[in-house]
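Written below as structure tokens is the structure these notes are about.
The values are calculated or read from the model by the stated rules, or taken from the named source; none is laboratory data. Bear in mind the structure is a predicted one, so any value in this text is a computation, not a measurement. Positions of Cβ are backbone-derived with ideal geometry, glycine not excepted, and every protein chain shown enters the neighbour counts. Side chains included, ligands, DNA and RNA excluded: accessible areas come from the protein's heavy atoms. Shrake-Rupley method; radii C 1.70, N 1.55, O 1.52, S 1.80 Å.
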Amino acid sequence: MGMFIVMEGIDGAGKSTQAKMLADWFKSRGYEVVLTKEPTDTAFGRLIRRLVLTGGKEGIIDGARISHEAEALLFAADRAEHVSKLIGPSLKDGKVVISDRYFYSSLAYQWARGLDLEWLIDLNRFAIRPDLVILLDLPVKESMKRINGRSIKSEFDKIAELQRNVRENYLKLAEMFPEMRIVNAQNTVDDIHRDIVGLVEQELLE
Ligand code: TYD
């Protein structure tokens, strides 16, 4: 079996940068790496982008055109395909799988939408549990500076409030799921990378 690592955090936390750096770190040590993300680039992911995300880079906001339940089901459907077609087979092949977001995003975001946490956990029960989940944590004020350039001004307050709820949810989830580790995402990119590598070595390679 390979190794399964997930990056989580609010929009603008630096997940994709760190996922890429960690993938390069593993590759330079001779590991076969699959770097992937959710929502995926498959038909389900495209459907989510069309129906749930507003098309811009601001991520998910409250103007969703479908019910929150349908939204949660779409993310779960996308994930089911992701697990059965890519994550599962790659782990069986002994690869290192690094995913930028996974079911913890559904728990943090769709819970923030007002859905029941237990229902969301049940819905995602099929998802293979990762060996390690890195939660990149930073205050919403900081993350908003980073995503400011990619969001619509009029939606700013709405986005900030949702992000605050999502951040709190992530911190609560970190107490419930022992595979989650919190990393301070306010440091420099290189410092954060060093912290993540430290956790990987300590938790997975020793
Ligand atoms: P994001 O990582 O921003 O994708 P991209 O950079 O490709 O646009 O994810 C899009 C948004 O979807 C983000 O605001 C988080 C949200 N999301 C959920 O609400 N639930 C989920 O299960 C996932 C995977 C993402």
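Details
- Scope region 5-33; condition open to solvent by 10 Å² or more (accessible area, probe 1.4 Å) and under 15 Å from Ser106 (Cα atoms); matching residues: Asp11
- Beta carbons closer than 8 Å, at least 6 apart along the sequence or on distinct chains, pair a first residue in region 130-143 that is assigned to a loop (DSSP other than H, G, I, E, B) with a second that is crowded, with 21+ Cβ neighbours inside 10 Å and among the hydrophobic types (A, V, I, L, M, F, W, C) for Pro130/Phe4; Pro130/Ile5; Pro130/Val6; Asp131/Phe4; Asp131/Ile5; Leu138/Ile10; Leu138/Ala13; Leu138/Ala185.
- Residue match in region 131-149 (condition: within 15 Å of the ligand (Cβ to nearest atom), within 20 Å of Gly2 (Cα to Cα) and either open to solvent by less than 10 Å² (accessible area, probe 1.4 Å) or of a type in the set (A, V, I, L, M) (or both)): yes
- Hits in region 34-55 - residues which are closer than 19 Å to Glu8 by Cα, more than 8 Å from the ligand (Cβ to nearest atom) and open to solvent by 30 Å² or more (accessible area, probe 1.4 Å): Leu35, Asp41
- When Ile196 is tested against (1) under 17 Å from the mean Cα position of the chain (by Cα); (2) of a type in the set (A, V, I, L, M); (3) within 15 Å of the ligand (Cβ to nearest atom), exactly one condition is not met: (3).
- Region 14-52, residues that are in contact (Cβ under 8 Å) with a residue 60 or more places away in the chain and of a type in the set (D, E, K, R): Lys15, Glu32, Lys37, Glu38
- Filter result for Glu155 (modelled with pLDDT under 95, part of a helix (DSSP H, G or I) and over 26 Å from Met21 (Cβ atoms)): yes
- Any hit, region 79-88, residues being open to solvent by 50 Å² or more (accessible area, probe 1.4 Å), of a type outside the set (D, E, K, R) and within 15 Å of Thr40 (Cβ to Cβ): yes
- Members of region 72-103 that are touching a strand residue (DSSP E or B) at 6+ places or on another chain (Cβ under 8 Å) and either within 8 Å of the ligand (Cβ to nearest atom) or in contact (Cβ under 8 Å) with a residue 60 or more places away in the chain (or both): Ile87, Ser90, Leu91, Lys95, Val96, Val97, Ile98, Ser99, Asp100, Arg101, Tyr102
- Within region 120-129, being touching a residue at least 40 places away in the same chain (Cβ under 8 Å) and open to solvent by 80 Å² or more (accessible area, probe 1.4 Å) holds for Phe126, Arg129.
- So Leu22, is it at pLDDT 95 or above, farther than 21 Å from Gln163 by Cα, of a type outside the set (Asp, Glu) and within 16 Å of the chain's Cα centre (by Cα): yes
- Qualifying residue in region 105-117 (condition: without any contact (Cβ under 8 Å) to a residue 12 or more places away in the chain, open to solvent by 30 Å² or more (accessible area, probe 1.4 Å) and within 21 Å of Leu171 (Cβ to Cβ)): yes
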